[in-house]
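J.: I'd like to ask some things about the structure below.
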Amino acid sequence: MEKTTGRTDMPGLVAVVQNGDIASSLRAMNELRAVGNVAVGPLVASLRDGTTGAERWRAAMALARLGEPAVDPLIAVASSGGEDGVTNPAVWALAEIGDRKAVPHLIELLRRESSVCCRVLTAAALLKIGDPAGVDEVNRQYTEHGEDYEGMVSEAFEGT
């Protein structure tokens, strides 16, 4: 197992999150949570710039563990209109954090997004957060997109 190099080695911890075995990566995520707010920037950069899906999802997992300090940067990433490989992990992390501040942004994303995968994950995130405005929008989407869409959202919700 790889060892993390200490709380002051932010690039080292982020590298372990990205490239370590699962146990080492999870330990590094916990160390980054202990570091707090200063870990948000490097992790958001890793989410945006990761060269593989695994790197982006690991960054999202670490950001979800940081909680509230990561909400605004995650909203910015999710709202930026980027590719699914960046947007989806950000949406997932917002759902894990569960901060209602994300709801209007997720509703907007749900309304404008063309990717079915992203819309499904965003609808599942809104259901997980549970804010009435978000749930109402998901129900409207069910009416608009039909039973198959509702089934996909249900599967995504169960998996989150």
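J.: Between beta-carbons, use under 9 Å as the cut-off and find the net charge around M29, counting Lys and Arg +1, Asp and Glu -1.
T.: In short, +3.
J.: State in Å² the accessible area per residue of region 21-83; use a 1.4 Å probe, count heavy atoms of protein chains only, and round to the nearest integer.
T.: 42
J.: If you don't mind, there's one more thing I want to ask. With the Cα gyration tensor of region 111-160 giving a ≥ b ≥ c as the square roots of its eigenvalues, does the rule (a/c under 1.5 for rounded; else a/b larger than b/c for prolate; else oblate) give rounded, prolate or oblate?
T.: In terms of gyration-tensor shape, rounded.
J.: Further question on the same structure: DSSP loop GluC sites (Glu not before Pro) in region 60-121 with at most 13 other Cβ atoms within 10 Å of their Cβ, which ones?
T.: Here the sparse-neighbourhood loop sites are E83.
J.: Same structure again: So, counting K/R as plus one and D/E as minus one, what does the shell of residues with Cβ under 10 Å around S115 add up to?
T.: Surrounding charge for S115 is -2.
J.: Can you tell me the relative contact order of the chain? Whole percent, Cα pairs under 8 Å, sequence separation 6 or more.
T.: 15
J.: What fraction, in whole percent, of alpha-carbon pairs in region 36-77 exceed 12 Å separation?
T.: 49
J.: Largest first and to the nearest Å, give the Cα extent of region 58-150 along each principal axis.
T.: 35, 26, 18
J.: Right, something else. Whats the longest run of the chain with zero trypsin sites (Lys or Arg not before Pro) that are DSSP loop and have at most 16 other Cβ atoms within 10 Å?
T.: 8-160
J.: Ordering M152, M10, M29, M61 by how much accessible area each has at a 1.4 Å probe, largest first, what is the list?
T.: Descending accessible area places them as M152, M61, M10, M29.
J.: Hey, what's the per residue convex hull volume over the C-alpha atoms of the chain, in cubic angstrom?
T.: In the chain, the Cα convex hull volume per residue is 95 Å³.
J.: Helix-only estimate, please: 222 nm mean residue ellipticity of the chain, summing -39500 (n - 2.57) across DSSP H runs of length 4 or more and dividing by its residues, to the nearest 500.
T.: Using -39500 (n - 2.57) per qualifying helix, the result is -24000 deg cm²/dmol.
J.: Considering only protein heavy atoms and a probe of 1.4 Å, how much of the accessible area of the chain is carbon and sulfur, as a whole percent?
T.: Ligands and nucleic acids excluded, carbon and sulfur give 52 percent.
The values are calculated or read from the model by the stated rules, or taken from the named source; none is laboratory data. The model shown is predicted, which means the values in this text are computed figures rather than measured ones. No Cβ is skipped: glycine too gets one built from the backbone with ideal geometry, and neighbour counts run over all protein chains shown. These area figures cover heavy atoms from the full protein model, side chains too; ligands, DNA and RNA do not enter into them. Shrake-Rupley method; radii C 1.70, N 1.55, O 1.52, S 1.80 Å.
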